[in-house]
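Below is one structure; the comments refer to it alone.
The values are calculated or read from the model by the stated rules, or taken from the named source; none is laboratory data. Note that the structure is predicted; figures quoted are calculated from it, not measured. Cβ placement follows ideal geometry from the backbone for every residue including glycine, while neighbour counts extend to all protein chains displayed.
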Amino acid sequence: MKKYLFIASIAFYGCQVTENVSKVTTIDFNDAYNNKDEVAISEICNHIDYIPLETTNESMVGDIKDMKVFKNYIIILDNTKRLFVFDKKGKFISILDHEGRGPNEYIEIADFSFNEKENSIAIFSTLGDNKVLLFSPKGKFVDSFKVSNEVEKVYEFSNNFLFYNSHYFRSQSNSNSLSVFSTKGELKTELLEKNREKTIPFFNQYDLKTSIFKLNDKMILWEKGFDNELDTIWNINKDFEASPRYVLNIGGEKFPIERYTDKETISFEERMKKTEIQGYLESERYIFCSITHAKRVTRFIYDKKTAIIKRVYNQKGDRKFIVMLENDLDYLSPFWPEAIFSDNKMYKLVYGYELKNFVAKMDSNDKKDNNQIKIIENSQITDNPMLMVVTLNK
């Protein structure tokens, strides 16, 4: 059965795939929808840290559009089109503010990444600019180069840049999901050809559903599946060879690919009637998956070690769209990961002033000699957020 599911899931991909059926695991979520056992954070986690991002007159962040954690830096993009750079302990380093149409400026920040080997921040400028600009962590311009096609996300990997190609512009990359460019802008290879998408004249519906992140020495890719095909999780190795890692059977009914060519916008109500993955993250041991099913968002944790799926569901509040792990370790914020902090750590953003309500309910003995609690109690509404970093079990 596993072999059959595997073949079905890769039927529309091109020849860049390294096929290895024996190492592909099928994860079936169908029976897990009815599992109503509550999962607490202590079942998967052994420690929680809070890293406050330094707040100064210069470093105050606006509405956060994106945030990424690298080996030595935390970088935030806010609504002012600026990048705020902090070190791993939250100390403010610099602001990258180079909006414009000059040679060393960007029109719009579509995405950003960090080149560990070159110690440089890479900004991809879009809106027809199709340019990558490199800056030092302190904001000094280093270099820039053009890329040949419109892309949507950029990731540094193996001292090259891995670009995710938007459905809107797949024709520019021969209908491949990924393109690999050197640090000088040379196109080296393309991955995961979508033969079926070649038959689609244009995608009118913008519905970005993808996750790309580094885990150990590989890049992991999940991309939204159409129709009722299975969703596939891919490994990308340092030689930029793609191989299937997992196939996810989520049941239900997905949107047909032709629906995304319609000019009529897909409504929220229509979307909630379908079954589709909304988010995917993975650590060394656990998979975190959010799925729209039966008119609600359901979240699951899959334990790779035991092959057990647990459903995350707050039965007390019966909240349809806000489902998180109950925090029974430090009794502060509930948790669901926003991104990877490292191979065995996940994080979400929290604000100190919002945690004061949790602190007020704590016993005085629990507050004693707790520096994190003191930071929270002294937080102001104008302070930058904190990173809630959860260390997961191995």
Original post:
Which ones in segment 213-240 are in contact with a strand residue (DSSP E or B) (Cβ under 8 Å, 6 or more places away or on another chain), acidic (D, E) and under 24 Å from F181 (Cα atoms)?
Top reply: E223
**OP:** Kindly establish whether D330 is more than 30 Å from R271 (Cα to Cα), exposed (fewer than 14 other Cβ atoms within 10 Å of the Cβ) and at pLDDT below 90.
**Re:** no
Subject >> Residue that is nearest to the chain's Cα centre (by Cα), among those in segment 93-125 that are among the polar types (S, T, N, Q) and outside any loop (DSSP other than H, G, I, E, B) >> reply: S113
Original post:
Do you know which of the residues in segment 32-63 that are of a type in the set (G, A, S) and within 27 Å of D87 (Cβ to Cβ) is surrounded by the most Cβ atoms within 10 Å (Cβ to Cβ)?
Top reply: S59
Original post:
Residues in segment 232-244 that are under 16 Å from F213 (Cβ atoms) and part of a strand (DSSP E or B): how many?
Top reply: 6
Subject >> Close pairs from segment 267-279: first under 19 Å from S211 (Cβ atoms), partner part of a strand (DSSP E or B) and of a type in the set (A, V, I, L, M), Cβ under 8 Å, at least 6 apart >> reply: T275/I291; E276/I291; I277/L248; I277/I291; Q278/I291; Q278/V297
Subject >> The listed residue being in contact with a His (Cβ under 9 Å, 6 or more places away or on another chain) and in a loop (DSSP other than H, G, I, E, B), out of G90, G139 >> reply: G139
Subject >> So D262, is it within 16 Å of the chain's Cα centre (by Cα), surrounded by fewer than 16 Cβ atoms within 10 Å (Cβ to Cβ) and either among the β-branched types (V, I, T) or modelled with pLDDT under 90 (or both) >> reply: no
Original post:
Just for segment 137-170: of the residues that are among the small types (G, A, S) and modelled with pLDDT of 90 or more, which one is surrounded by the most Cβ atoms within 10 Å (Cβ to Cβ)?
Top reply: S144
**OP:** Residues being assigned to a strand (DSSP E or B) and under 19 Å from the mean Cα position of the chain (by Cα): count how many of those fall in segment 46-83.
**Re:** 13
Original post:
In segment 340-372, which residue that is of a type in the set (A, V, I, L, M, F, W, C), farther than 30 Å from K304 by Cα and surrounded by fewer than 20 Cβ atoms within 10 Å (Cβ to Cβ) is modelled with the lowest pLDDT?
Top reply: M362
Original post:
Got a number for residues in segment 93-109 being closer than 17 Å to K146 by Cβ and surrounded by 20 or more Cβ atoms within 10 Å (Cβ to Cβ)?
Top reply: 2
Original post:
Got a sec? Which of F29, F86 is more than 28 Å from I250 (Cβ to Cβ) and crowded, with 18+ Cβ neighbours inside 10 Å?
Top reply: F86
Subject >> Flag for K3 being modelled with pLDDT under 95, basic (K, R) and in a strand (DSSP E or B) >> reply: no
Subject >> Criterion: modelled with pLDDT of 90 or more and not hydrophobic (A, V, I, L, M, F, W, C) - qualifying residue of T210, T275, T199 >> reply: T275
